[in-house]
Amino acid sequence: MDDLYRQLIIERYKTPHYRGHLDPHDIFFEDDNPVCGDHIEITVRMDDADVVTEAAFDGHGCSISQAAADLLIEYIHGKKLDEVKALTKDDVVDLLGIDLGPVRLKCALLSLKVLKAGAYGLSVDEVSDELVE
Amino acid sequence: MTTTFDVNVLRADFPIFDREIGDAKKLIYLDSTATAQKPTAVIEAMNEYYRRSNANIHRGVHTLAEESTAMYEKAREQVASLINAASPREVIFTRNTTESINLIAYTWGRENLDSGDVVILTEMEHHSNLVPWQMLAEELDLVLEFVPVTDDYLFDMDAYKKLLLLEPKLVSFTQMSNVLGTITPAKEIIQLAHEVGAITLVDGAQSVPHLPVDVQDLDADFLVFSAHKMLGPTGIGALYGKMDLLNAMPPFLGGGDMIKTVHLRSFVPNQVPYKFEAGTPAIAEAIGFGAAAEYLQNIGMDAVEAHEHDIAEYVLERLEEVPGITVFGPSAENKGGVASFVMDGLHPHDIAQILDGEGIAVRAGHHCAQPLHESCGVKATTRASFYIYNTKEEVDALVEGIYKVKEIFG
């Protein structure tokens, strides 16, 4: 338990650094985890070279989903759009620094799914778990 | 006075309680509403079948085939006995409650329902008693009506009586909510339905494991339930139906066993119950199901109910003292051993995860009853559910665990 809820996750859940909504933005996407109703929206601004200059997330959910979103947003600052598109679940697991079972992994990956769907310019119907495999 | 049992003696029948969770924590299993643990009697009944008697049923004349057939049919008698069916032939083995309901929808439903017909359900149904009817309503243009839940989380009898004025063809309802624990007045619901000529389907997935259920006393037309929630294996369930209804229903799946004779272009269906059991069934699981029914009958369903009522009262009393907690469901007198709750500012996943760290297994989510959660105004809850093997000490451990959650996220 202490592993799963290491201090970083609790801290970022309680006081996220990147919670908000950017307007205007270059990328916007939002989606739910149908199992628990968790919700994440992400907004991203980029410069002319498609490098992320600013990003934010908003939504509600468990500590894992919200902390993962906050850490992911932090991580993509300064990354190129192509690098964002290439992110995988391993990147999120590394950011969280914990092992997750299949159910909690879905919580952790909700923000990545939303981010990549936005980066690829998908519609809601086109979003699938394959995005984060 | 109901005969009682010693929980600590009974727990020795369940080998899973010997294991530990994570860092040497004792397993405290509070998720029996999802699936129950299995006693040695059930596990061994299935093992014994595979070790000694394994053969396909109903066809072979060799010793093993005869033994297997006898064991399979004995299981049907054991299950029929638990619910006091007039004949074992009124018990059809299915995969689970969900398949039983689908079977009724696709055979009885398609045969007897027509455009504009009214089907009454309740707001507290499990998805398995909603979606099959939504699908059939789409196909046949049926009208679905829902009995609401009162502010006290009870079946709204006044609203039901008004809905009966619509002259429904079917009333399909849960006898015990898997989220609220609400026990519905099944006998009265059925009697009122019959007065307007409706057929009744009782979802007994939660009631049959936890309460005495007598289909003849209830006068239920259909009763459906799953083995795995009542100490039996997964992959097998039952559909009880009154014989005249079953006889009049067309077959469900086509194939072996469900036929009397087959020609290249036609077939004659077998008699009930085989008409509804196409293909080689889950034989070992049926035998395990029978063993589970017998195990419960030996304890006595009155004693099971009394034990769980005690636990339900104690859980509600202990949870009430926790600041910031809301428990959904009626008072203990109308409630099974289920406590679904939310805590201010805490997500059910986080609660369940911290509790798991203490060896306590609870469930987090919408428990396959999304519409009910919507009407309670929450996305998801944490659910602790109890069965014959749970103790008051385990309730105390749950409450301690909840305080630990508050401490970590506080």
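Brief remarks follow.
- Counted residues, segment B:354-381 - those being among the hydroxyl-bearing types (Ser, Thr, Tyr) and within 11 Å of chain A (Cβ to nearest Cβ): 1
Here is a yes/no grid of residues against (1) without any contact (Cβ under 8 Å) to a residue 12 or more places away in the chain; (2) over 23 Å from A:Ser128 (Cβ atoms); (3) among the acidic types (Asp, Glu); (4) crowded, with 19+ Cβ neighbours inside 10 Å:
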| site | (1), (2), (3), (4) |
| --- | --- |
| A:Leu8 | no, yes, no, no |
| A:Pro16 | no, yes, no, yes |
| A:Phe29 | no, no, no, yes |
| A:Val35 | no, no, no, no |
| A:Asp38 | no, no, yes, yes |
| A:Thr43 | no, no, no, yes |
| A:Ala49 | no, yes, no, no |
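- Residue check: B:Ile43 meets all listed conditions (1) aliphatic (A, V, I, L, M); (2) in contact with a helix residue (DSSP H, G or I) (Cβ under 6 Å, 6 or more places away or on another chain); (3) closer than 28 Å to B:Ala70 by Cα but one, namely (2).
- Candidates B:Leu355, B:Leu372: the one that is of a type in the set (A, V, I, L, M) and closer than 24 Å to B:Thr97 by Cα is B:Leu372.
- If the condition is being surrounded by fewer than 18 Cβ atoms within 10 Å (Cβ to Cβ) and of a type in the set (Lys, Arg), then segment B:1-54 contributes B:Arg11, B:Arg19, B:Lys25, B:Lys26, B:Arg51, B:Arg52.
- Tally of residues being surrounded by 15 or more Cβ atoms within 10 Å (Cβ to Cβ) and not in a loop (DSSP other than H, G, I, E, B) across segment A:92-121: 20
- One residue alone among A:Asp32, A:Asp58 is in contact with a strand residue (DSSP E or B) (Cβ under 6 Å, 6 or more places away or on another chain) and within 13 Å of another protein chain (Cβ to nearest Cβ), and that residue is A:Asp32.
- If you go through segment B:6-35 and keep only what is more than 23 Å from B:Val399 (Cβ to Cβ), touching a residue at least 24 places away in the same chain (Cβ under 8 Å) and β-branched (Val, Ile, Thr), you end up with just B:Thr35.
- Filter result (closer than 18 Å to B:Met301 by Cα and crowded, with 24+ Cβ neighbours inside 10 Å) within segment B:216-227: B:Leu223, B:Val224, B:Phe225, B:Ser226, B:Ala227
- When A:Asp50 is tested against the conditions (1) at positive phi; (2) within 12 Å of chain B (Cβ to nearest Cβ), the lone failure is (2).
- Residue list for segment A:22-41, filter: aliphatic (A, V, I, L, M) and within 17 Å of B:Pro371 (Cα to Cα): A:Val35
- Filter result (assigned to a helix (DSSP H, G or I), surrounded by fewer than 17 Cβ atoms within 10 Å (Cβ to Cβ) and over 10 Å from the mean Cα position of the chain (by Cα)) within segment A:51-90: A:Asp82, A:Glu83, A:Lys85, A:Asp90
- Residue list for segment A:103-122, filter: of a type outside the set (D, E, K, R) and over 15 Å from A:Cys62 (Cβ atoms): A:Leu112, A:Val114, A:Leu115, A:Ala117, A:Gly118, A:Ala119, A:Tyr120, A:Gly121, A:Leu122
- Condition met for B:Ile351 (within 13 Å of chain A (Cβ to nearest Cβ), more than 16 Å from B:Thr33 (Cβ to Cβ), out of contact with any Pro (no Cβ under 9 Å at 6 or more places or on another chain) and crowded, with 16+ Cβ neighbours inside 10 Å): yes
- Put simply, of B:Ala312, B:Ala369, B:Ala361, B:Ala397 the only residue that is out of contact with any strand residue (DSSP E or B) (no Cβ under 8 Å at 6 or more places or on another chain) and among the small types (Gly, Ala, Ser) is B:Ala369.
- Restricting attention to segment B:108-123, the residues being crowded, with 22+ Cβ neighbours inside 10 Å and not in a helix (DSSP H, G or I) number 5.
- Just so you know, in segment A:93-120 the residues that are without any contact (Cβ under 8 Å) to a residue 40 or more places away in the chain and away from chain B (no Cβ under 14 Å) include one that is nearest to the chain's Cα centre (by Cα), and it is A:Lys116.
- Verdict on B:Arg76 being touching a residue at least 60 places away in the same chain (Cβ under 8 Å), in a helix (DSSP H, G or I) and within 30 Å of B:Leu140 (Cβ to Cβ): no
- For segment A:1-29, the set of residues classified as within 14 Å of chain B (Cβ to nearest Cβ) and either within 12 Å of the chain's Cα centre (by Cα) or over 14 Å from A:Gln66 (Cβ atoms) (or both) consists of A:Met1, A:Asp2, A:Asp3, A:Leu4, A:Arg6, A:Gln7, listed by residue number.
- Flag for B:Val208 being in the same structural domain as B:Val91 (by TED's automatic domain parsing) and in a loop (DSSP other than H, G, I, E, B): no
- Segment B:382-410, subset more than 30 Å from A:Glu11 (Cα to Cα) and among the acidic types (Asp, Glu), residue nearest to the other protein chains (Cβ to nearest Cβ): B:Glu394
- The condition of being crowded, with 17+ Cβ neighbours inside 10 Å and either in contact (Cβ under 8 Å) with a residue 24 or more places away in the chain or assigned by TED's automatic domain parsing to the domain that holds B:Ala364 (or both) holds for only one of B:Gly324, B:Gly256, B:Gly345, B:Gly241, that being B:Gly241.
- Residues in segment B:348-368 that are closer than 13 Å to B:Asp31 by Cβ and without any contact (Cβ under 8 Å) to a residue 24 or more places away in the chain: B:Ala364, B:Gly365.
The values are calculated or read from the model by the stated rules, or taken from the named source; none is laboratory data. Note that the structure is predicted; figures quoted are calculated from it, not measured. Positions of Cβ are backbone-derived with ideal geometry, glycine not excepted, and every protein chain shown enters the neighbour counts.
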